[in-house]
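Notes follow the structure.
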Amino acid sequence: MTYREQYTPGPACGAQVQKDGDKWTLILVRELRHPPEKVWQALTDPAHLREWAPFDADGNLGTVGATVKLTTVGAPMLHITETTVTRADAPEVLEYNWGGFNIRWKLESFGGGTRLTLWTNIARHFISMGAAGWHICIDVLDHLLNGTPIGRIVGPEAAKFVGWQRLNAEYAELFGVENNWPKVSQKL
């Protein structure tokens, strides 16, 4: 049995939503058993991103001012956005924009590993789906860093993956929002 076949996402946890009027920000916190320098490389290097992130990058995200094209994986139509890295304090903070969504990663040394925090603004009706998707992406990242890669699980593929629908429902309950699956997915 492969590592991917053995993978089942854990319960919805380590997440919260900040609400500022119509603007919602998803915050996910995970603890990884790897030093910040190793996690930083996985967050910035295109070869690593290709293994876990919901987009491909045509350049390294680790330098302030770098202009990088991000191609969303699994989108119904080709979706390429150009981003400029707005903050890259290796190996502590990384900020950029992906398709209109601000992405902020914070890496903190913690117990020999890294406490990884993601902030991203997201539309209210996608908040639980986004949390489920990022939850799985970070799990895939953790497997990659552990040397047991399971391959990227994103987009429509993630929605079909065992455990994604459960996570989506758990995050919807945690955030007190309506579970819009499959209503929204039918429009994708």
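The values are calculated or read from the model by the stated rules, or taken from the named source; none is laboratory data. Since we're looking at a predicted model, the values are computed, not measured. Please note: Cβ atoms are built from the backbone with ideal geometry, for glycine as well, and neighbour counts cover all protein chains shown.
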Mind checking which residues of the range 136-150 are touching a Lys or Arg at 6+ places or on another chain (Cβ under 7 Å) and not in a helix (DSSP H, G or I)?
Ile150
Exactly one of Thr72, Thr2 is in contact with a His (Cβ under 7 Å, 6 or more places away or on another chain) and touching a residue at least 24 places away in the same chain (Cβ under 8 Å), and that one is Thr72
Could you list all residues from the range 6-25 that are farther than 18 Å from Gln165 by Cα and either touching a Cys at 6+ places or on another chain (Cβ under 8 Å) or aliphatic (A, V, I, L, M) (or both)?
Val17
For the range 38-53, name all the residues that are touching a Ser or Thr at 6+ places or on another chain (Cβ under 9 Å) and either part of a loop (DSSP other than H, G, I, E, B) or over 16 Å from His143 (Cα atoms) (or both).
Thr44
Please find, among Thr67, Thr86, the residue that is surrounded by 13 or more Cβ atoms within 10 Å (Cβ to Cβ), farther than 13 Å from Leu141 by Cα, at pLDDT 95 or above and of a type in the set (Ser, Thr, Tyr).
Thr86
How many residues are farther than 21 Å from Leu49 by Cα and surrounded by 20 or more Cβ atoms within 10 Å (Cβ to Cβ) when one looks only at the range 152-166?
0
In the range 95-127, the residues that are of a type in the set (A, V, I, L, M, F, W, C) and under 13 Å from the mean Cα position of the chain (by Cα)
Trp98, Phe101, Ile103, Trp105, Leu116, Leu118, Trp119, Ile122, Ile127
What single numbered condition from (1) of a type in the set (Gly, Ala, Ser); (2) without any contact (Cβ under 8 Å) to a residue 60 or more places away in the chain; (3) on the phi < 0 side of the Ramachandran plot fails to hold for Ala12?
(2)
Conditions (1) within 21 Å of Asp20 (Cβ to Cβ); (2) touching a residue at least 24 places away in the same chain (Cβ under 8 Å); number of the one not met by Gly155
(1)
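Can you give me the ranges of the strands (runs of 3 or more DSSP E) entirely in the range 73-135 with at least 2 residues that are among the polar types (S, T, N, Q) and on the phi > 0 side of the Ramachandran plot? Steps first, please.
On the way: elements: 80-84, 87-89, 93-98, 101-110, 113-121.
By residue number, no strands (runs of 3 or more DSSP E) qualify.
Mind telling me which of the residues Ile103, Ile127, Ile122, Ile138 ends up being within 21 Å of Trp40 (Cα to Cα), touching a helix residue (DSSP H, G or I) at 6+ places or on another chain (Cβ under 9 Å) and β-branched (Val, Ile, Thr)?
Values: Ile103 fails: touching a helix residue (DSSP H, G or I) at 6+ places or on another chain (Cβ under 9 Å); Ile127 fails: within 21 Å of Trp40 (Cα to Cα); Ile122 fails: within 21 Å of Trp40 (Cα to Cα).
Only one candidate qualifies: Ile138.
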Would you please name the residue that is surrounded by the most Cβ atoms within 10 Å (Cβ to Cβ), looking only at residues in the range 111-140 that are of a type outside the set (Val, Ile, Thr) and farther than 20 Å from Gln16 by Cα?
Gly113
